[in-house]
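Notes follow once the structure below has been shown.
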Amino acid sequence: MCEIGCGIGNITQFVLNCKAVVGIDRWRASYEQAKQRFRDHLECEVRPGAAVGFRVMMCRRMVDTVVCL
């Protein structure tokens, strides 16, 4: 699953049971906080970026679902 605009991970925390979770946020402060928050979750990757022009396939993990809340 890929969450566009993950912020600090308030929704991401509920999908950590997925095989692969990618959180993306364009704001550096949010991205850094989420990255730190999920650093011990090997199935979770947090990256900087925005929905416009982002390619999910650029992530290290394959995802089949993309959400943006």
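Quick note: the coordinates plus some simple rules give every number you see, no bench work behind them. Every value quoted in this text rests on a predicted model; they were computed, and no experiment measured them. We place every Cβ from the backbone using ideal geometry, glycine too, and count neighbours over all the protein chains shown.
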Relative contact order of the chain, defined on C-alpha pairs under 8 angstrom at six or more residues apart (%): 42 percent
Trp27 versus Arg39: modelled label distance in nm, points set 7 Å from Cα along the beta carbon direction: 2.2 nm
Cα centre as origin, Lys/Arg/Asp/Glu Cβ charges: the chain dipole, Debye: 180 debye
Computed [θ] at 222 nm, deg cm²/dmol, the chain (DSSP H ≥ 4; -39,500 (n - 2.57); rounded to nearest 500): -4500 deg cm²/dmol
Cα gyration tensor of the chain diagonalised, 5x eigenvalues square-rooted, in angstrom largest first, produces semi-axes 15, 15, 10
Would you list Arg37, Arg26 from fewest to most Cβ contacts within 10 Å? Arg26, Arg37
Can you work out the Karplus-derived ³J(HN,Hα) for every residue in the stretch 32-49? Use 6.51 cos²θ - 1.76 cosθ + 1.60 with θ = phi - 60°, whole Hz, and x for glycine or proline. 5, 5, 5, 4, 5, 4, 10, 4, 8, 9, 5, 7, 10, 10, 10, 10, x, x
